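A short write-up of the structure that comes next.
The values are calculated or read from the model by the stated rules, or taken from the named source; none is laboratory data. From a predicted model like this one, the values you see are computed outputs, not experimental measurements. Every residue, glycine as well, gets a Cβ built from its backbone with ideal geometry; the counts of neighbours run over all protein chains shown. Accessible surface areas use protein heavy atoms only, side chains included; no ligands, DNA or RNA. Shrake-Rupley method; radii C 1.70, N 1.55, O 1.52, S 1.80 Å.
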Amino acid sequence: MARTKKSDRTKREILDEQSAENSSLPESGNQDENFGRSDALEPAHDEQESSGKEDDEERHHAAEESDSSEDEVAPRNTIGDVPLEWYKEEEHIGYDISGKKIKKQTRKDRIDSFLAGADDSKSWRKIFDEYNDEEVELTKEEIGIIRRILKGKTPNTEVDPYADYVDWFVWEDKGHPLSNAPEPKRRFIPSKWEHKKVLRYVRAIRKGWIKFDKPEEEPPFRLLWDDDSNLEDSRRHGLSYIPAPKPKLPGHEESYNPSVEYIPTQEEINSYQLMYEEDRPKFIPRRFESLRSVPAYESALKEGFDRCLDLYLCPRTRKKRLNIDPEALKPKLPSRKDLRPYPTTCYLEYRGHIGPVQSISIETSGQWIASGSTDGAVRIWEIETGRCLKVWDVGEAVQHVAWNPLPELPILAISLGQDVLLLNTGLGNDEEQLKVKELLNVAEPVITDDASDSTPTVSWIPYTKYDGIRLKHFKAVSTIEWHRKGDYFTTVVPSGDSRAVLLHQLSKKSTHNPFKKLHGLPVSAVFHPTRSIFFVATKKHVRVYDLVKTKLIKKLEAGVREISSISIHPGGDNVIVGSKEGKMCWFDMDLSSQPYKMLKIHPKDITNVAFHRSYPLFASCSDDCTAYVFHGMVYSDLNQNPLVVPLEILRGHTSSNGRGVLDCKFHPRQPWLFTAGADSVIKLYCH
């Protein structure tokens, strides 16, 4: 019965509070806090509708029709959960579904908003939503919830904060506390254990086992003119302390009655006027009879202000600056005198070509050099004398020449257009000439047919004009490279859809295309100096193949715009690549597929790069009419990186039609460098 009466009383209180809240109007408020009241009163029927007699269904229906419901009305703000300060200076707060900007509403100033609120009887219900940039009118239910929260009550009127307590446990004598026993005596008697602990600490302090830090004693005397940096008060923890600058102490000149020798004469005072202001003395001594007759100091205010600036602008922390010599930042390289010999000066010039010399090749013994030019002539020169031994007029611009690496086979390979010529140079003894003629003998034209290859065939045709062999390709041939054994050579056909890198065997007069699909436009192809490995350079990458297993071993990423040339170190583990943007990349194949060194040396395209066979030298030539010589030492110790040192810049060629040095080759035995230029001159640089 008591519980029923209490619940009835609680319901009546809730109804009275609800009717009082809905019938009452706010007496005062502030419009900026969004809970202010306007001077106009609401109509009477609004008060009646907000009375506490409405049932739960109508209240639930009104809550569903609320304009501020986030479940029904999509927010205007589409920028997401980011700070609104980021869009403070922007004119929009997001984009709609069509991609157009959602413009911000124009904000009224304080006066306009006040006048608008005075005319609007419902302005006290409106609040500004900064997130969606719009005004929201609160419903009566939302205002009732806010008022209950401000009074410290529960937001929902249906919640009873004073509900009857439900005890889930039942025991006998539940009207009494859990225990009526008196407090034990041990709670009022000092602990013996704590007493023993205190005695241990006292004994340890007396015997000196526990030591306390003694307070620092200040010295009884203090030097008046001592520097502040020596005082212990100025010692700071962390950053070092720098004392403020002290003014200069007064001397005999600043005395009101100085000696005669300190007082300047009138002539000296007149000479001060002729001096520059920065050289003029700041203070001129004068003599006064007494201290009372000394006038006020003219520069007192200025010097006081300067002193304040000194105290204010003096740095209080010491900035540690690293005094590093710029020369120490340079890598420690060996002296060029210790790296001799290397080519430095032009010793000989080979003149005879009319057009630009595209390619040169040195015979294995180092006695002869072959050159090919765009004038359609191929010449053989004697290196030491510069005498032209033989001239072949092939009738077409020569792209590349390559001498057979075997000294007993003096055969010269020439690429011109779509043809490759294998010519007998006529050098060597009779036995060697007999062997060369047998190799270059083709009774009938041989057409190689690779059944697994879809590319056109290559024809081996006798070249009766100069007693050689003519290999007719399907497209123009750019480069020729011989294998170290002298029986195989490769040609690169970069143009057309059927671009290919072909392998030819001289003894069997056969041609094979081992690379069915080339990823990229081929630029050059070279053999490994000692192993059966083949390098194919495209415009972006260098792919390394194993010819025995016919598979890809490694892919070198040059990271340049376009590769122009490639050369292999005699050891076979290092590769240099030249590009058409003037960069040269050094690859250590045991280290990584990325360049070990990237050298930006030439301002124009690099036309060729070359390693020396026996000396630790390599070179590059460019269209800027220069050739760079480098020292490149490769160590047998794998833990030591190769040493690359720039040595010399070789000049002497002149530019022709924007082209400079077109090719460079090292002498096989001497530290000499041959360069072929667009000015139709071949130069020999010696040490």
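Quick one: which strands (runs of 3 or more DSSP E) sit completely within the range 641-687 and have at least 3 residues that are open to solvent by 40 Å² or more (accessible area, probe 1.4 Å)?
Once the strands (runs of 3 or more DSSP E) in the range 641-687 are filtered for at least 3 residues that are open to solvent by 40 Å² or more (accessible area, probe 1.4 Å), what remains is 643-651.
Looking across the range 564-581, the residues that are surrounded by fewer than 21 Cβ atoms within 10 Å (Cβ to Cβ) and assigned to a loop (DSSP other than H, G, I, E, B) come down to PRO570, GLY571, GLY572, ASP573, LYS580, GLU581. Filtering the range 115-164 to residues that are over 30 Å from PRO83 (Cβ atoms), of a type outside the set (Lys, Arg) and open to solvent by 80 Å² or more (accessible area, probe 1.4 Å) leaves LEU115, ASP119, GLU158, PRO161, TYR162.
Residues of the range 415-446 that are in contact with a His (Cβ under 9 Å, 6 or more places away or on another chain) and either of a type in the set (S, T, N, Q) or surrounded by fewer than 12 Cβ atoms within 10 Å (Cβ to Cβ) (or both): SER415, GLN418. Residues in the range 539-563 that are buried (at least 21 other Cβ atoms within 10 Å of the Cβ) and farther than 25 Å from SER636 by Cα: VAL560, ILE563.
Just wondering, is there one or more residues in the range 586-593 that are over 19 Å from ASP663 (Cβ atoms), among the hydroxyl-bearing types (Ser, Thr, Tyr) and either open to solvent by 10 Å² or more (accessible area, probe 1.4 Å) or touching a residue at least 12 places away in the same chain (Cβ under 8 Å) (or both)?
Yes, the range 586-593 contains a residue that is over 19 Å from ASP663 (Cβ atoms), among the hydroxyl-bearing types (Ser, Thr, Tyr) and either open to solvent by 10 Å² or more (accessible area, probe 1.4 Å) or touching a residue at least 12 places away in the same chain (Cβ under 8 Å) (or both).
Among the residues of the range 320-333, is there at least one that is out of contact with any Ser or Thr (no Cβ under 7 Å at 6 or more places or on another chain), of a type in the set (Lys, Arg) and at pLDDT 90 or above? For the range 320-333, residues out of contact with any Ser or Thr (no Cβ under 7 Å at 6 or more places or on another chain), of a type in the set (Lys, Arg) and at pLDDT 90 or above: absent. Would you confirm whether any residue within the range 627-636 is of a type outside the set (D, E, K, R), under 18 Å from ASP588 (Cβ atoms), free of Cβ contacts under 8 Å to residues at least 40 places away in the same chain and assigned to a strand (DSSP E or B)? Checked against the condition, which is being of a type outside the set (D, E, K, R), under 18 Å from ASP588 (Cβ atoms), free of Cβ contacts under 8 Å to residues at least 40 places away in the same chain and assigned to a strand (DSSP E or B), the range 627-636 yields at least one hit.
Of the candidates TRP209, TRP193, the single residue that is open to solvent by 70 Å² or more (accessible area, probe 1.4 Å), modelled with pLDDT of 90 or more and either within 30 Å of ASP120 (Cα to Cα) or assigned to a loop (DSSP other than H, G, I, E, B) (or both) is TRP209.
Before we move on, is LYS516 surrounded by 15 or more Cβ atoms within 10 Å (Cβ to Cβ) and among the charged types (D, E, K, R)? Judged against the criteria, LYS516 is not a match.
Suppose the filter is at positive phi and of a type in the set (Ser, Thr, Tyr); does THR530 pass it? No; evaluated as a whole, the condition is false for this residue.
Please tell me if PRO642 is of a type outside the set (D, E, K, R), in contact with a Gly (Cβ under 6 Å, 6 or more places away or on another chain) and modelled with pLDDT under 95.
Values: of a type outside the set (D, E, K, R): yes; in contact with a Gly (Cβ under 6 Å, 6 or more places away or on another chain): no; modelled with pLDDT under 95: yes.
Taking the combined requirement at face value, the residue does not satisfy it.
Selection within the range 257-278: residues that are modelled with pLDDT of 85 or more and of a type in the set (D, E, K, R). The member of this set that is surrounded by the most Cβ atoms within 10 Å (Cβ to Cβ) is GLU268. Any residue in the range 362-381 that is open to solvent by 20 Å² or more (accessible area, probe 1.4 Å), among the polar types (S, T, N, Q), assigned to a strand (DSSP E or B) and more than 24 Å from GLY428 (Cβ to Cβ)? Checking the range 362-381: not a single residue is open to solvent by 20 Å² or more (accessible area, probe 1.4 Å), among the polar types (S, T, N, Q), assigned to a strand (DSSP E or B) and more than 24 Å from GLY428 (Cβ to Cβ).
When each of PRO341, PRO407, PRO356 is tested for being within 17 Å of ASN424 (Cα to Cα) and touching a residue at least 40 places away in the same chain (Cβ under 8 Å), the lone residue that passes is PRO407. Cβ-Cβ contacts under 7 Å between residues 6 or more apart (or on different chains), taken from a first residue in the range 645-670 that is acidic (Asp, Glu) to a second residue that is outside any strand (DSSP E or B), are listed as GLU648/TYR342; GLU648/PRO343; GLU648/THR344.
A residue that is open to solvent by 60 Å² or more (accessible area, probe 1.4 Å), modelled with pLDDT of 75 or more, part of a loop (DSSP other than H, G, I, E, B) and within 30 Å of PRO161 (Cβ to Cβ) occurs nowhere in the range 98-114. Answer with yes or no whether LYS101 is more than 30 Å from LYS140 (Cβ to Cβ) and touching a His at 6+ places or on another chain (Cβ under 6 Å). Here the answer is yes, as LYS101 does meet what is asked.
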